[in-house]
Structures are given as structure tokens and as C-alpha cells.
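What follows is a set of notes on a single structure, which appears directly below.
The values are calculated or read from the model by the stated rules, or taken from the named source; none is laboratory data. Since we're looking at a predicted model, the values are computed, not measured. Positions of Cβ are backbone-derived with ideal geometry, glycine not excepted, and every protein chain shown enters the neighbour counts. Surface accessibility is based on the protein's heavy atoms, side chains included, excluding ligands, DNA and RNA. Shrake-Rupley method; radii C 1.70, N 1.55, O 1.52, S 1.80 Å.
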Amino acid sequence: MRRRRDKKMGRNQQDAPKLSREVVIPEVITVAELANRMAERSVTVIKMLMQQGQMATINDVVDADTAELIAQELGHTVRRVSDADVEEGLYDIPADDKAEDLTDRAPVVTIMGHVDHGKTSLLDAIREANVVSGEAGGITQHIGAYQVEKDGAKITFLDTPGHEAFTAMRARGAQATDIAVLVVAADDGVMPQTIESIKHAKAAGVPIIVAINKMDKPEANPTRVRTELLQHEVFVESMGGEVLDVEVSAKTHNGLDKLLETIQLQAEVLELKVARDGRAEGLVIEAKLDKGRGAVATVLVQRGTLKIGDILVAGTEFARVRALINDKGEQVKEAGPSVPVEVLGFNGVPSAGDRFSVVENDARAREVTEYRQRAIREKTAGGGATSLEQMMNQLKVAGISKFPLVIKGDVQGSVEAIVSSLNKLSTDEVSAQILMAGVGGITESDVTLAAASNAIVIGFNVRANKQASDLATRDGIEIRYYNIIYDLVDDVKNAMSGLLKPERRETFIGYATIKEVFQITKVGKVAGCQVTEGIVERGAGVRLLRDNVVIHEGKLKTLKRFKDEVKEVQVGQECGMAFENYEDIRAGDQIECFRVETVQRTL
Ligand code: GDP
């Protein structure tokens, strides 16, 4: 493309715009965006491309070389940036993190555990117990996280219970949690989601504190809980391990103080230090569109200090921070490390789990978010999974015979049953590729996973949360819901069958013996035959057998009885046959006649 620089691109020097701009050109850019950045009309760009023999519409992308050529031709200067440059310097700028600048920060805690073991109750109890009376009348506001103070030190709790938020964040390469509190009901013991929580925490390398809850119940059996945990490699102190455990009751508030102390003890070991000064960065914990207030997001500051007036970028959205509201519903001017705040002033709703960082100005914010939006568009345009049918077609065209699935179910038992039924469907030719099978509702991380592998998400007796279904809609991921395993397996089976190559099924229909061979002008060699078995049909497949050896396979050109072309000839009757493109036929040869069908196979 550069070689053509000397060629006229359809615009004379004297037409060059008076205003010359510095145009930032990424690796690829749409025609519309290029025009926009040059403050030129899109048609101008389209015309110039046409003169180069490239037909483009405003939504088509051009490469950086072409874009540069056009921009220069129009009298602008060009600054080329690679995609990675756009993201550069957004996070982790340790340059100014000198040891003396580091301050302690509060630990961030997630409460995990099996459903009904008391996660929500515990979060509420801790919060209630620690709201200083008189403080804003004790009114609190749920923003997705809160801070409590114990003996002058703070602890931040993420109050979206369960490992879903935890996993969603990790799936996006971010980790919000320093400590996981594993709630196990003393009257119920270790359950499937307890085990899952342990796996998640371990995978993330986050230390666990066990809270044995419901100790007020007469049937509470904490020893049983501790013993059961051993099987999952959680060794509590009293069992000779190092995991701290606390007996609590969310109902009576017994043991809550001890739990907070234990968290602080664990936090000390972790030595959580971070720079308080400097541009803030962190994570979006929750985000929603609020009537009246617009797009709001709760963020957890992880380093630096977030202030009113800052411009922050989170995922594909940005905000000029208009107001910051803390977990007590109060307006604050700034939020330091480990502090959760609600941010007002977003231009759109970011996603939970998005990292955020403060940038120097509006232009930078736009550059980053536009780049990210474009990256998403390109990704989805370039073959994001869609419906089951479309996905199958894509797989078929690509010659792929793996059928990727993300499966979420209500209980471990049904998930296992589904997985084993689906695995049974697999053959050498096609197989179900189960990327993930787990218990619980469908979360963003499930959808992200599916998107990454062009998979379908299957929900068995579970539903997608709002964020997950929004994400699925945005990325064109199909989520299918089932409540009968048989239906689920049947659908997948049909879909997978579609990936099988159709079978060529042959049915024998008859034999004929060649009695005589005639040479007929214009037609060529014709065999005078007698049908000895079954029937012979016009259009059917034929094989020529000589001494029981197949010497030709092909099609019949003609099938005649006396002078007439006929559709079929019955056993015992005589007929004339000629082959398509084949003439080496002799008296005594046998003709085998068969029908061929292509049949869509099923598993
Ligand atoms: P989650 O599903 O883990 O969030 O559990 P919840 O917090 O919703 O609690 C489930 C049930 O257990 C509710 O009916 C609570 O009232 C009850 N519960 C929670 N903690 C305790 C406790 O310490 N003692 C007793 N007796 N009941 C509790």
C-alpha cells in the first residue's frame, strides 16, 4: 500500500483542508471512525478508497497503512498506535510506589458457602452489629460492599454473597478478595457448594477462614463440620492444620466479634499494603441503570484514591465522577484503597468485574473505551456463537466435530447425570466438549467462558442472572433452559447429529446378465441384457462385474425395452443398457444395480 503513495488518490493539493490534525491511527479502523478523527466526511474517504479499487462502506475497516495514506493525502499528520498502546499505562504503575508511600489497607472479604448456610444472614448480622448507633440514624445502604470497623481497623465485606461474584471477577482476570470466609452450617455440614467454594478459594490462592454457623441450633455439630472439611483438604487448627475457624451464630450474633478478630489476624499475616496517593484503580463490583441517577456503579478502590472530578475508565464505559456515595448513603469527596463507593457520572453501565482506572483526561477515556468497544464488535462480528443451529453450521463448515457446552444445574446430582449422558453421546467423530459443568445460576463468567469458545450455555433448573443474560445478548451467546434431562440430552443429540457426515446408504436392487453387445451409431455400445434378479432402474447406480470382480462402477445412460426408454425393468425381462462414459462391456458380464441414498445419521 505504501508503494502507491505517489499515485494520486483523487484529491489535488489545493483541495487539502486548511486544518491539519494529528490523527491517531490504530491497527485497524473503520471508515467512519477514520473520517471522524480527521473531521472529514465519510464519503470523502469512501471515494478515495474507491479510486484505489477498494469498495468500502462506512462500517468496513481499513488497515493502518491505508488509513495513514488517506490521512496524509488529506494533509493530516498521523500518529500510529498499536492496539496494545491504547491500554498501556492504565494499570499497575508501580513507579511511584516507594516503600514509604505504602500504607496498610483494609482486607477485602468475600463470604462463600452452600445455599442456606447463612451467608446473607452473616453479612447482615456483621453489618448491623457494627453500625455505630446514631450514625446517620443507623441507616445503611446496600451498594454491593460495606466496611466495618473493629478496634480502629477496618474490614471490607463484599456483600454479594456466594462464589458467583468471586468467580465472575476472577474470570475477568481480576481479584477483589483477600480472604474468603467459608460459611458452613453446623447442623448441615459440608455440602456441594461448600466444596465448590473451597475449590474456588484455593484456585485463587485466597486464604480461607471457616465460620461454623448456626451454633445456636441444638443439633449443631461443629466437630462433624471440621472432620468433613478434612476430606477437602481444609485443615482447621484444632485438627492440626492452619486454617482458622470460628463458631458463630448469625441469629444470636454470638461469635461475630471473634470472627472479625480472626479476619484481622489473617489480614496481618497477609501484610496488605498499597499506595494511597496517586490515580485510583480497582474493580467494578456492581453496576446498574438507576432511574433518575443514570448509570451507577459500585467500585472497590484497590490502590490510589478516587476523587470527585476524576475521569475513570471501566471496561467499555467511562465516567466523569460526579458524586461518590459510601455504604452508609453519605456523599464523600474521595475513596482510598479497599473502600467501596458508588460512583455517579457513568456514560453507560459497566460490567461487574470490570477493572477501572483513572485516566488523565476525557480524550484518553474515549480512546480507550472506543478501542475496547471496537475490539468487542470485531470479536463478535468475527464469528461469535449464536444460536444452536448457526453454531452447528459454523462448526460444520469449519470441519469441527467438537460440540462445546457450558452446563449449569441446580444440584450436583443432576449436573453429573447430564455430563455423563452427554459424554455417552460422544463418538470418534463428534463429541460434546464440556467446558464447564457446575452448580448454581448462570453467571457472567459462564457466558464469558462460552463466548471464548463459541459454546452454548445450558441451564438445568437454573436461570441466568441479569448481567449474564445482558452479556449473552450483547455477545450473541445462546442460553438454553431445560427442566427435563431427557429433553436436554435429546436436543444436544440432535445438534451433534447434525455434525455427523451424512451416511451414503446403498440398497441392492437387482442383477442383469449381458447376453450380447451391440454397437449403435451415435449411442455407442449397448448391452443386451436379461434381468436375473430384482429389478433394474434408470438413474440407479450400476457396477459391472466380470468373473465376480468389479471392473466399473457408474451410472446407466439408457435403459430400454425394445425401442422405448423405460423407468424400470423387472426380473426375467430383457432390456438394453448403456453406461455413462464407459464402453468396455462384454457378453457374460454381470450388472449389479443399486440405489444410493444419503441419510442424515443420528447418534
Ligand atoms: P444463604 O443462602 O447462605 O445466604 O443463607 P441465609 O442467610 O439466607 O440463611 C438461610 C436460613 O438460615 C434463613 O432462614 C436464616 O434465618 C437461617 N439462619 C442463618 N443463620 C442462622 C443462625 O446462625 N442460626 C439459625 N438458627 N438460623 C440461621
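Tell me whether region 276-290 contains one or more residues that are among the small types (Gly, Ala, Ser), part of a strand (DSSP E or B) and out of contact with any Cys (no Cβ under 9 Å at 6 or more places or on another chain). There is at least one residue in region 276-290 that is among the small types (Gly, Ala, Ser), part of a strand (DSSP E or B) and out of contact with any Cys (no Cβ under 9 Å at 6 or more places or on another chain). Among residues of region 245-263 being free of Cβ contacts under 8 Å to residues at least 40 places away in the same chain and within 12 Å of the ligand (Cβ to nearest atom), the one that is most open to solvent (accessible area, probe 1.4 Å) is 254.
Residue by residue, here is whether (1) farther than 18 Å from residue 177 by Cβ; (2) within 16 Å of the ligand (Cβ to nearest atom) holds:
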site	(1), (2)
199	no, no
211	no, yes
223	yes, no
238	yes, no
243	no, no
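Look at residue 328 and say whether it is under 28 Å from residue 246 (Cβ atoms) and surrounded by fewer than 22 Cβ atoms within 10 Å (Cβ to Cβ). Working first, answer last.
Working: under 28 Å from residue 246 (Cβ atoms): yes; surrounded by fewer than 22 Cβ atoms within 10 Å (Cβ to Cβ): yes.
So residue 328 fits the description; yes.
Would you mind stating whether residue 553 is open to solvent by 90 Å² or more (accessible area, probe 1.4 Å) and assigned to a strand (DSSP E or B)? So residue 553 fits the description; yes. Residue 112 passes every criterion in (1) over 17 Å from residue 199 (Cα atoms); (2) at pLDDT 85 or above; (3) within 16 Å of the ligand (Cβ to nearest atom); (4) of a type in the set (A, V, I, L, M, F, W, C) apart from (1). Before we move on, is residue 99 away from the ligand (no atom under 16 Å from the Cβ) and either aromatic (Phe, Trp, Tyr) or at pLDDT 90 or above (or both)? The answer is no for residue 99.
Does any residue of region 585-601 turn out to be among the hydroxyl-bearing types (Ser, Thr, Tyr) and farther than 30 Å from residue 497 by Cβ? Working first, answer last.
We begin by selecting, within region 585-601, every residue among the hydroxyl-bearing types (Ser, Thr, Tyr); these are 598.
Filter again for farther than 30 Å from residue 497 by Cβ, leaving none.
No, because not a single residue in region 585-601 is among the hydroxyl-bearing types (Ser, Thr, Tyr) and farther than 30 Å from residue 497 by Cβ.
Scoring residue 524 on the criteria (1) under 21 Å from residue 567 (Cβ atoms); (2) open to solvent by less than 30 Å² (accessible area, probe 1.4 Å) leaves a single failure, condition (1). Contact map, region 412-423: residues that are without any contact (Cβ under 8 Å) to a residue 12 or more places away in the chain paired with residues that are crowded, with 17+ Cβ neighbours inside 10 Å and of a type outside the set (Ser, Thr, Tyr), Cβ distance under 7 Å, separation 6+ or inter-chain. Pairs shown: 423/432.
Of the conditions (1) at pLDDT 90 or above; (2) open to solvent by 10 Å² or more (accessible area, probe 1.4 Å), residue 146 clears all except one; give me its number. Unmet condition: (2).
A quick yes/no check of all residues on (1) farther than 30 Å from residue 426 by Cβ; (2) open to solvent by 80 Å² or more (accessible area, probe 1.4 Å); (3) aliphatic (A, V, I, L, M):
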site	(1), (2), (3)
559	yes, no, yes
563	yes, yes, no
575	yes, no, no
582	yes, no, no
593	yes, no, no
599	no, no, yes
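Residues in region 504-521 that are open to solvent by 50 Å² or more (accessible area, probe 1.4 Å) and among the hydroxyl-bearing types (Ser, Thr, Tyr): 507, 511, 521. Just checking, does region 115-128 include any residue being of a type in the set (S, T, N, Q), modelled with pLDDT under 80 and open to solvent by 60 Å² or more (accessible area, probe 1.4 Å)? Looking for residues that are of a type in the set (S, T, N, Q), modelled with pLDDT under 80 and open to solvent by 60 Å² or more (accessible area, probe 1.4 Å), one finds none in region 115-128, hence no. Six or more apart or on different chains, Cβ under 8 Å: which pairs go from a residue in region 111-139 that's under 18 Å from residue 166 (Cα atoms) and among the hydrophobic types (A, V, I, L, M, F, W, C) to one that's modelled with pLDDT under 80 and within 7 Å of the ligand (Cβ to nearest atom)? Could you list them? Listed pairs, sorted by first residue: 111/161; 112/161; 123/161. The C-beta contact set for region 519-536 (first residue of a type in the set (D, E, K, R), second residue surrounded by 15 or more Cβ atoms within 10 Å (Cβ to Cβ) and not in a strand (DSSP E or B), distance under 6 angstrom, 6+ apart or interchain) comprises 525/585.
Being assigned to a strand (DSSP E or B), closer than 12 Å to residue 280 by Cβ and open to solvent by less than 20 Å² (accessible area, probe 1.4 Å) is the filter here; which residues of region 331-346 pass it? Residues satisfying the conditions are 335, 341, 343.
Note on region 57-78: residues that are open to solvent by 40 Å² or more (accessible area, probe 1.4 Å), at pLDDT below 85 and not acidic (Asp, Glu) amount to 4.
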